[in-house]
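**Student:** One structure is given below, represented as structure tokens, and several questions about it will come after.
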Amino acid sequence: MRVRQLERLLIDHGVGAAKIDAVTRRLRDMKRLPTGGRGPFAPTIGPREAASILLGLAGSTKGAEADYRLKKLESLRSGEPTGPGDALIEVVAGLLDHPHPSAVKELRVARTI
């Protein structure tokens, strides 16, 4: 998948074009998204990059703060009684890579939780 494809999908589902543009720009600046060619030569992204976009987008009220929010959210771990769980970004990337429709009904991300 290319970043533009994910952007279009998110815009089709209600995300503002200006916000998603600001989010992806910030993530490129912090080297979380590849830079390169355009159109058919645009670099592809994998589940981890897509998870970065989703967490940066969902965790911030403004696209300009997506990099800061992603840094705070990506390392959050579940409070498993047996020990620390996987980092949030790993969980989201894993779900994107190998979706289990019956296992996850909803994933909520807030600016602080």
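The values are calculated or read from the model by the stated rules, or taken from the named source; none is laboratory data. Given the structure is predicted, the values throughout are model-derived calculations rather than measurements. As a convention, Cβ positions derive from the backbone with ideal geometry for all residues, glycine included, and neighbour counts pool all protein chains shown. To get the accessible areas, we keep the full protein, side chains included, count just its heavy atoms, and leave off ligands, DNA and RNA. Shrake-Rupley method; radii C 1.70, N 1.55, O 1.52, S 1.80 Å.
**Student:** Over 10 Å intervals from 0, what percent of Cα-Cα pairs in the chain sits in each interval?
**Tutor:** That works out to 14, 45, 33, 8, 1, in percent per bin.
**Student:** Mean separation of Cα pairs under 8 Å and 6+ residues apart, divided by the residue count of the chain: what relative contact order is that in percent?
**Tutor:** Values: 130 pairs, mean separation 27.6, N = 113.
Computed over the chain, the figure is 24 percent.
**Student:** Determine the share of the chain's accessible area contributed by carbon and sulfur atoms, expressed in whole percent, with a 1.4 angstrom probe.
**Tutor:** Looking at the chain in its full context, I get 53 percent from C and S.
**Student:** Turning to a different aspect of this structure: Structure shown: which of Lys72/Lys105; Lys31/Lys71; Lys31/Lys62; Lys62/Lys105 lie over 22 Å apart, alpha-carbon to alpha-carbon?
**Tutor:** The answer is Lys72/Lys105; Lys62/Lys105.
**Student:** What nm value, rounded to one decimal, do you get for the distance between His100 and Val15 when each label is placed 7 Å out toward the C-beta?
**Tutor:** Calculated label separation equals 2.5 nm.
**Student:** Return one whole number: the accessible area per residue of the chain in Å², for a 1.4 Å probe.
**Tutor:** Values: 7370 Å² over 113 residues.
For the chain, the per-residue accessible area is 65 Å².
**Student:** Roughly how tilted is helix 3-12, in degrees to the nearest 10 and between 0 and 90, from the longest Cα axis of the chain?
**Tutor:** Computed tilt is about 80 degrees.
**Student:** Going by average Cβ neighbours within 10 Å, how do the peptides 26-32, 56-62 rank, with the highest at the top?
**Tutor:** 56-62, 26-32
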